[in-house]
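Participant: Here's a structure for you.
Taken together, the values in this text are just the output of simple stated rules run on the coordinates, not laboratory data. Nothing here was measured: the structure is a model prediction, and the numbers come from that model. Using ideal geometry, Cβ is built from the backbone for each residue, glycine included, and neighbour counts are taken over all protein chains shown.
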Amino acid sequence: MDKLSLLLAHLLTLSVVVASVGNGGNPDGFSVNRGPAKLQFYWHDRHLGENATAVTVAQSPTTNISKTLFGIVKVFDDPLTILPNETSDLIGRAQGMYFSADQNVVALQMVMTLVFHEPKYLGSTLIVMGRNPPADLVRVLAIVGGTGIFHSVSGYARISTVLDDPSTGYFIVEYNCTITYPKGWYSSF
């Protein structure tokens, strides 16, 4: 009888843990099924001058003779705005790095966290990564997760260049994000 009681106690404990994990760790079991969310904003990248928001932190010995700048690594802390102009309302920052990893065409590997400062996002983040060949009119990067109101999300960002000015090192990229929440998603926000 003692073994049976012990087994039942373990099974009950395991059931509670599985139930808690099954609803996202929410002890009250409150969940919301949400459809995809859409976000649009503009990423401002400046890598020349005093106000540079992207800087080179590494490069290979052959980067300067490579037609694709193969081997260059840049770290950035770029503003995100509602409209394409620099004076538009700031909604957050894109923080991360990009590097040239293709020897045949210019294509950047992007790894970044989008940190949203607007009150309705409560400091939430989106994690974005993928291959970005800037010469393509439209590129797609993966949204692989997030925090805050975006925790456990996935999705994609369709991006396109709005301004490309190599003489000033200033680029503006439009981001159109589609965010999918997992089934049974909940938020304590």
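Participant: Fewest to most neighbouring Cβ within 10 Å: what's the order for Ile143, Ile65? Can you show the working numbers first?
Facilitator: Numbers: Ile143 22, Ile65 9.
The most exposed by this proxy come first: Ile65, Ile143.
Participant: Once you put a point 7 Å from the Cα of Val138 and another 7 Å from the Cα of Ala37, both along the Cβ direction, what distance in nm separates them?
Facilitator: Roughly 2.3 nm, to one decimal.
Participant: Take the Cα atoms of region 34-180, find their three principal axes, and give me the spread along each one in whole Å, biggest first.
Facilitator: Ordered largest first, region 34-180 gives principal extents of 49, 29, 26 Å.
Participant: If you don't mind, there's one more thing I want to ask. Can you give the net charge of the other residues whose Cβ lies under 13 Å from the Cβ of Ile82, counting K and R as +1 and D and E as -1? Show your work: numbers first, answer last.
Facilitator: On the way: positive: Lys120; negative: Glu86, Asp89, Glu118, Glu174.
Counting the neighbours of Ile82, the net charge comes to -3.
Participant: Next question, about the same structure. Amide H neighbours of Ser152 under 5 Å, at least 5 residues apart or on other chains, H built in the peptide plane: list them.
Facilitator: When sequence neighbours closer than 5 places are left aside, the close amide H contacts are Gly146.
Participant: Something else about it: Report ³J(HN,Hα) in whole Hz for each residue of region 117-128, in order, from the Karplus equation J = 6.51 cos²θ - 1.76 cosθ + 1.60 where θ = phi - 60°; Gly and Pro get x.
Facilitator: 9, 4, x, 5, 9, 6, x, 5, 10, 10, 9, 10
Participant: Another question about this same structure. If N is the number of residues in region 34-119, what value comes out of its Cα radius of gyration divided by 2.2 N^0.38 Å?
Facilitator: On the way: Rg = 15.2 Å, N = 86, 2.2 N^0.38 = 12.0 Å.
This ratio for region 34-119 stands at 1.27.
Participant: Using θ = phi - 60° and the Karplus curve 6.51 cos²θ - 1.76 cosθ + 1.60, what whole-Hz ³J(HN,Hα) does each residue of region 46-53 get, with Gly and Pro shown as x?
Facilitator: With the stated coefficients, region 46-53 comes to 10, 10, 9, x, 5, 9, 4, 10 Hz.
Participant: So, counting K/R as plus one and D/E as minus one, what does the shell of residues with Cβ under 15 Å around Trp43 add up to?
Facilitator: Numbers: positive: Arg46, Lys74, Arg93, Arg139, Arg158; negative: Asp45, Asp77, Asp78, Glu86, Asp89, Asp164, Asp165, Glu174.
Net charge around Trp43: -3.
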